[in-house]
1. Can you report the number of residues in region 212-237 which are open to solvent by 40 Å² or more (accessible area, probe 1.4 Å) and within 17 Å of VAL153 (Cβ to Cβ)?
2. Which of the residues that make up region 164-174 are over 21 Å from VAL73 (Cα atoms) and part of a helix (DSSP H, G or I)?
3. Of the numbered conditions (1) within 20 Å of ARG217 (Cβ to Cβ); (2) touching a helix residue (DSSP H, G or I) at 6+ places or on another chain (Cβ under 8 Å); (3) open to solvent by 20 Å² or more (accessible area, probe 1.4 Å), GLN143 fails exactly one; give the number of that condition.
4. Does LEU72 qualify as being more than 19 Å from GLN197 (Cα to Cα) and touching a residue at least 40 places away in the same chain (Cβ under 8 Å)?
5. Report every pair of residues separated by at least 6 positions or lying on different chains whose Cβ atoms are under 8 Å apart, first residue within region 48-62 and of a type in the set (Lys, Arg), second open to solvent by less than 60 Å² (accessible area, probe 1.4 Å).
6. Answer yes if at least one residue in region 39-48 is among the β-branched types (Val, Ile, Thr) and either in contact with a strand residue (DSSP E or B) (Cβ under 7 Å, 6 or more places away or on another chain) or closer than 30 Å to THR202 by Cα (or both), and no otherwise.
7. Given the condition more than 20 Å from the chain's Cα centre (by Cα), more than 26 Å from ASN186 (Cα to Cα) and open to solvent by 10 Å² or more (accessible area, probe 1.4 Å), answer yes or no: does some residue in region 86-101 qualify?
8. Say we look at region 179-199 and pick out the residues that are part of a helix (DSSP H, G or I) and free of Cβ contacts under 8 Å to residues at least 40 places away in the same chain; which of these is nearest to SER110 (Cα to Cα)?
Amino acid sequence: MGTVSESTAATFAAYSQTNPDASFTDWLRERSEPRWTAATTHQFTQELGAGTLAEEAMRRYLLEDYAFFDTLVGVFGNAVGEAPTMDAKRQFVEFLAVVTDEEDNYFERSFAALDVPEAEWQTHSPADTTEAFIDLLRAAREQGGYAETLAVVVPAEWIYLAWATDEAESNPDQFYFDEWIELHANPGFVEFVTWLQEQLDTVGPQLSDRRQQRVARLFDRTVSHEVAFFDYAYHGA
């Protein structure tokens, strides 16, 4: 799972003393190194951008991501109830409308292009790697509050924004590569992820030190699971 970066202060208060202009999410991201860099510059995302990723790796990845997708949607649905204002609730509702329409359509077309039978992607059982990630999201949703929910959805979405932004000009020929990048590197997604970060930047500093540590652990574990998720596409175990 990895350990917290030794160069980053153990508390946000201490971090702020030497980084007065930094945000709460800056602190969380730095704490998650080197796993953050491993996730955002992974071989998988670079080969996807180049259009050289093996189709078998993409099939394996999409099957797991689709199995994971339902839980992630559930976490965002839970966030609607936890969000402190009507405007925040609306942001989550609007994002859910996009992902349950555009992404679901993308999955169906991609599975067809990659010769994955509908019976397989509709009934696929998550691998242990995916199940561990799902368990983390469920725990954050069921055992925490708004801050804990943000602690897992912020890195999950931010990582995708980061790597997709790096690959935005790649334009691979295969639509299931190119559209996956576009889904995570467009103005609407940038705006939403920025808003998510701002939510955590607002809530985080108000938490007790103990709860901040819990949020930091959830953030870091999410980053680690993202690395494992990309690794799985190659090795399947």
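1. Looking only at that region, the number is 3.
2. Within region 164-174, THR165, ASP166 meet the criteria.
3. If we test GLN143 against (1) within 20 Å of ARG217 (Cβ to Cβ); (2) touching a helix residue (DSSP H, G or I) at 6+ places or on another chain (Cβ under 8 Å); (3) open to solvent by 20 Å² or more (accessible area, probe 1.4 Å), just (2) comes out false.
4. Working: more than 19 Å from GLN197 (Cα to Cα): no; touching a residue at least 40 places away in the same chain (Cβ under 8 Å): yes.
So LEU72 does not fit the description; no.
5. ARG59/LEU114; ARG59/VAL116; ARG60/TYR232; ARG60/ALA233; ARG60/GLY236
6. Within region 39-48, one or more residues are among the β-branched types (Val, Ile, Thr) and either in contact with a strand residue (DSSP E or B) (Cβ under 7 Å, 6 or more places away or on another chain) or closer than 30 Å to THR202 by Cα (or both).
7. no
8. Going residue by residue through region 179-199, those that are part of a helix (DSSP H, G or I) are 179-183, 187-199.
Restricting the remaining residues to those that are free of Cβ contacts under 8 Å to residues at least 40 places away in the same chain gives 182, 187, 189-191, 193-194, 198.
Numbers: GLU182: 14, PRO187: 23, PHE189: 21, VAL190: 23, GLU191: 26, VAL193: 25, THR194: 28, GLU198: 33 Å.
Applying the filter and picking the extreme gives GLU182.
The values are calculated or read from the model by the stated rules, or taken from the named source; none is laboratory data. Computed from a prediction, not measured in an experiment: that's the story for all the values here. Methodologically, a virtual Cβ is constructed for each residue, glycine included, from the backbone with ideal geometry; neighbour enumeration extends over all protein chains shown. In case anyone asks, the SASA skips ligands and DNA or RNA and just uses the protein heavy atoms, side chains included. Shrake-Rupley method; radii C 1.70, N 1.55, O 1.52, S 1.80 Å.
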